[in-house]
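Each remark here refers to the structure printed beneath this line.
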Amino acid sequence: MHEIFELILSQQFMATHKSSKITVALMLLLILNTFSSFAQLDTDEVIDESFNPTEMIMHHISDSHGWHFFGEGEDAFTIPLPVILWTDKGLVSFMSSAFHHDVEGEYIVEANGQKFVNYHEKIFVLNEGETEFEYNEEEHAALNANSPFDISITKNVASMLLTSILMIILFMGLAKHYRKSKKAPKGFTNILETLVVFVRDEIAKPQIGEKKYMKFMPFLLTVFFFIWIANLMGLLPGAANVTGNISITVALGLFTLALILVNANKDYWQHVFWMPGIPTFVKPILAIVEILGVFIKPIALMIRLFANITAGHIIILSLIGLIFILETAGVAAISVPFALFITVLELLVAFLQAFIFTMLSALFIGMAVQEHEHH
Amino acid sequence: MDLITPEYGLFVWQVVVMIILIFLLTKFAWKPVMKAVGEREASINEALASAEKAKEEMANLKADNEKMLQQARAERDEMLKEAQQMKKSIIAEATEDANQKAEQILEKAQAAIQNEKKTALAEIKSQVAELSVQIAETVVKKQLDDKQEQMTLVNKMLDDVKLN
């Protein structure tokens, strides 16, 4: 199975070898991405003997306490990340490697006089005197343990921090350029500037208006680049699915909601609660719809981003999973190019989703701060 | 489903990281970048405007030059014309002057000639008188020898005078 896959790899590589270095690097990266899924699948099969695609896909798109790259069980290559828990007895912290790659709630970690287990990437603290973790699959509840408030640096948090550091390096670099010269930057810095100007001229100015856009530029720029860079990082092999996680998108959507609520002017609230220019008996009905609309708008933002990114990952993983479902290496000849195609498509989606999120945020903010002409 | 259940930890981290990120980037990146980009755009617009202005001024200058050239040409033509006229008038004046002078000289010459003629005539008259006296003397000297003859002469002369 490996030989055939490598053959496909080398063919793909040879095909792109003649084109520019960047393309080769990109292709290699994309192929490696599919390969990392493949490696994971291979070992799954060895251990379980039966392949469960749902479990595999869920493992790839969910958050985890360690940053797993490849391998299984004790041989797995995983970067340990700190587990930070707020329990009844205060703050407890230890490295994720303390669980020894166990996610079935079997390995018990003792810290701060309490016993912790990792059950499907959820940390539980055992009740006093208990020595073994029991879980009721039917009711989806732990029988003799409860969940502490988990503020661990998980794979997603680590990835989010990496994205943030990358953004700080990139854009402080851009700002540094202007301290040295007044001229337009060259090369990569120029790309960054073009994107900043793109957010200003194509998103902020048309949606919010010349007068008020400046106030919202920091948020729009930060959100745009955060989502885009996180999306792109999510396409790297072994990377976390940051923007495809509902917690992240909820947080981002709430930022937009908060900005709308804080900055909305009198006109906006009047249009929400008592729409002018319509018969009075319709006004209360419309008020209900409008009040719901205030919250549905950011909720739509949250779900759109989460669903689009997660869906992309699921498609790629499913295509690779086909090889193992059908148990034929030959399927790779079809699924690998397909997965590659989807991955390239995801590059576009990465930009598109960042653009749409920022665009709609700007649109909603623009609606809230707009000066209405009275009818 | 786990997939669509937000996890508080991750949510809290995202909010905290996002606030710090917005704060840091606004202070150290977005503000300087937006300011610099804005300033550069303003300076580009300004440069374009001033280039346009310079072009306009250039055109104006060119038009002015053309106008001045035309004026100079007209002036030159005028001057040439005047000079021509002046030449003509000078020549005419000179000719007239010369004519007058020539006439004057001629008049003077004629007057002089007249005078000369008068004096010459007067001289001739006096010389003729003298000569006649001399002749008369001689004749008288000879005639006086004969009384008769003397008388006849005198009579004759007297007759002549009367006839005159």
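The numbers here are math on the coordinates, done by the rules we state, and not lab data. Source: prediction; values computed, not measured. Here the Cβ is made from the backbone with ideal geometry for all residues, glycine too, and neighbour counts use every protein chain on show.
Coordinate range of the alpha-carbon atoms in the stretch A:156-369 per principal axis, descending: 68, 53, 26 Å. First select every other residue whose beta carbon is under 15 angstrom from the beta carbon of residue B:10; then total the charges, Lys and Arg +1, Asp and Glu -1. Net local charge, residue B:10 excluded: -3.
Within a straight-line Cα-Cα reach of under 22 Å, residue B:53 can be paired with the following lysines, leaving aside sequence neighbours fewer than 8 residues apart in one chain: B:62, B:67. Computed from the C-beta positions of residue A:165 and residue B:64 and an R0 of 56 Å, the FRET efficiency is 0.35 to the nearest 0.05. Using only alpha carbons, the stretch A:123-177 has a radius of gyration to Kirkwood radius ratio (Rg to Rh) of 1.38. Spread over its residues, the convex hull of the C-alpha atoms of the stretch A:174-296 is 148 Å³ per residue. In order along the stretch A:223-239, the Karplus-derived 3J(HN,Hα) couplings, from 6.51 cos²θ - 1.76 cosθ + 1.60 at θ = phi - 60°, round to 5, 4, 6, 4, 5, 5, 5, 5, 4, 5, 5, x, 8, 6, x, x, 7 Hz, and Gly and Pro are given as x. Working note: 222 nm ellipticity from helices only, DSSP H runs with n ≥ 4, each -39,500 (n - 2.57), summed and divided by the residues of chain B, gives -34000 deg cm²/dmol to the nearest 500. Rg/Rh, computed from the Cα trace of chain A with Rh as the Kirkwood radius, has the value 1.03.
Ordered by the number of other Cβ atoms lying within 10 Å of each residue's own Cβ, fewest first, B:73, B:40 fall into the sequence B:73, B:40. Counted by Cβ distance under 13 Å from residue A:246, the other residues give a net charge of -2, where Lys and Arg count +1 and Asp and Glu count -1.
From least to most packed, judged by other beta carbons within 10 angstrom and beginning with the fewest, A:215, B:67 follow the order B:67, A:215. Gap in Å between the Cα centre of the stretch A:89-166 and the Cα centre of the stretch A:61-78? First find each Cα centre; the distance between them is then 15 Å. Remark on the stretch A:79-152: hydrodynamic radius 12.3 angstrom, per the Kirkwood mean of 1/r across alpha carbon pairs.
Charge tally around residue B:54: other residues with Cβ under 14 Å, Lys/Arg +1 each, Asp/Glu -1 each, net -1. Principal semi-axes of the equivalent ellipsoid, √(5λ) from the alpha carbon gyration tensor of the stretch B:1-139, are 128, 13, 4 Å from largest down. Cross-link partners of residue B:156 among lysines, defined as those whose alpha carbon lies under 22 angstrom from its own and excluding same-chain residues fewer than eight positions apart: B:141, B:142, B:147.
Counting Cβ atoms of other protein chains within 10 Å of each Cβ in A:169-175 and taking the mean gives 5.
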